[in-house]
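Participant: Right, I'll just put the structure down here and ask away after.
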Amino acid sequence: MTNKFRYFIANWKMFGNLSSLKSIDNVIKYVKSNPKKKFKLIYCPPYTLLQSFHIKLKKTKINLGAQNCHEETNYGPFTGKINSKMIKSLGAKYVIIGHSENRQDGENDSLINKKIISALKNKLSVIFCVGETLSQKRIKLTRKILMKQLSVGLKNVPINSNIIIAYEPVWSIGTGLIPKKLDLSQNIDFIKAQVKKKLKFKNIKIIYGGSVNPNNIAGLNLIDSIDGYLIGGASQSSKKLIDILRKSVI
Ligand code: PGA
């Protein structure tokens, strides 16, 4: 275990209702009783729970984020949509954009770019997801895909913006599979080089997501270039989430 500062982003996806709120009590207790540990925890519940989470997390160090947003910066006639201004007004500081589950629903790189710009304008920090599918990996397109997702997604985005990039290989989300250590560290380094050297972004953090759980976290922590984790399934269990935190931060 190293002394590195790490981000832990709990992506609840389309799970949870008001009665699930109680389930985070132990996590709140853990965070409160470990004030010196070097990590930031960000809960991203569904929109329907943002306000309740905000109230519950108010006096804690835990931050709040949403799982997506509409690309319009201002309010407008878009039935069923939620934009970053609304999310910000509920006390959230972060928003996940470009998650592969939304890309599979039709979001392309240029729409994702509009969402990123609009969220930053409304003063949210962005958790920007990139990653290759299994078929792209098989035909060795990973780097090409990552470069395209990064360069289009970050087009015209100010280089000092608050962005965390989540590298999430699509084939590893919800499958229990994680990349081999060498592949993962090379892909993280590739993303870092593209974003920092080529696109000239400053202070960008790169985290990993895809089947992170208490059993594989110690191995993942050996890759020092990873600044944290986007955790789906395991983050809905306080026990698993606390276990992951315990094994990761000093
Ligand atoms: P998982 O999801 O941890 O359940 O694989 C990660 C994600 O989709 O963000």
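The values are calculated or read from the model by the stated rules, or taken from the named source; none is laboratory data. All values reported here derive from a predicted model rather than from experimental measurement. Every residue, glycine among them, receives a Cβ derived from its backbone with ideal geometry; neighbour counts consider all protein chains shown.
Participant: Mind counting the residues in region 155-183 that are more than 16 Å from the ligand (Cβ to nearest atom), assigned to a loop (DSSP other than H, G, I, E, B) and over 19 Å from Gly228 (Cβ atoms)?
Facilitator: 7
Participant: Quick check on my filter: what residues within region 1-41 are part of a strand (DSSP E or B) and among the hydroxyl-bearing types (Ser, Thr, Tyr)?
Facilitator: Residue satisfying the conditions is Tyr7 alone.
Participant: On to the next question. Quick check on region 188-197. Is at least one of its residues within 12 Å of the ligand (Cβ to nearest atom), farther than 30 Å from Glu72 by Cβ and within 17 Å of the chain's Cα centre (by Cα)?
Facilitator: Within region 188-197 (the criterion being within 12 Å of the ligand (Cβ to nearest atom), farther than 30 Å from Glu72 by Cβ and within 17 Å of the chain's Cα centre (by Cα)), the answer is no, since none of the residues qualifies.
Participant: A further question follows. For a quick check of your reading: which helices (runs of 4 or more DSSP H) sit entirely within region 54-153 and have at least 1 residues that are β-branched (Val, Ile, Thr), farther than 21 Å from Gly174 by Cα and within 14 Å of the chain's Cα centre (by Cα)?
Facilitator: Details: elements: 84-89, 100-103, 109-121, 134-138, 142-153.
Filter on region 54-153 gives 109-121.
Participant: Now, a different point. Kindly provide the set of residues from region 119-141 that are over 19 Å from Ile204 (Cβ atoms) and touching a helix residue (DSSP H, G or I) at 6+ places or on another chain (Cβ under 6 Å), ordered by number.
Facilitator: Asn122, Glu132, Thr133, Leu134, Gln136, listed by residue number.
Participant: Next question, about the same structure. Spot the failing condition for Val31; the list is (1) at pLDDT 95 or above; (2) over 16 Å from the mean Cα position of the chain (by Cα); (3) surrounded by fewer than 16 Cβ atoms within 10 Å (Cβ to Cβ), and only one is missed.
Facilitator: Among (1) at pLDDT 95 or above; (2) over 16 Å from the mean Cα position of the chain (by Cα); (3) surrounded by fewer than 16 Cβ atoms within 10 Å (Cβ to Cβ), the lone unmet condition for Val31 is (3).
Participant: Another one. Counting only residues that are within 14 Å of Cys129 (Cβ to Cβ) and touching a Lys or Arg at 6+ places or on another chain (Cβ under 8 Å), which one in region 209-232 is farthest from the ligand (Cβ to nearest atom)?
Facilitator: The qualifying residue farthest from the ligand (Cβ to nearest atom) is Gly228.
Participant: Moving on to the next point. Could you count how many residues in region 138-179 are in contact with a Phe, Trp or Tyr (Cβ under 8 Å, 6 or more places away or on another chain), crowded, with 19+ Cβ neighbours inside 10 Å, within 13 Å of Gly210 (Cβ to Cβ) and not hydroxyl-bearing (Ser, Thr, Tyr)?
Facilitator: Matching residues across region 138-179 total 2.
Participant: Hey, another quick one. Taking into account only those residues within region 110-136 that are free of Cβ contacts under 8 Å to residues at least 60 places away in the same chain and within 16 Å of the ligand (Cβ to nearest atom), which is surrounded by the most Cβ atoms within 10 Å (Cβ to Cβ)?
Facilitator: Going through the qualifying residues, I end up with Val126.
Participant: Given the conditions (1) crowded, with 20+ Cβ neighbours inside 10 Å; (2) within 16 Å of the chain's Cα centre (by Cα); (3) touching a residue at least 60 places away in the same chain (Cβ under 8 Å), report the number of the one that Val212 does not fulfil.
Facilitator: (3)
Participant: Further, regarding this structure: Could you list, in sequence order, all residues of region 95-109 that are within 13 Å of the ligand (Cβ to nearest atom) and closer than 20 Å to Pro45 by Cβ?
Facilitator: First pass over region 95-109, keeping only residues within 13 Å of the ligand (Cβ to nearest atom): 96-104.
Listed by number, the residues that qualify are Ile96, Ile97, Gly98, His99, Ser100, Glu101, Asn102.
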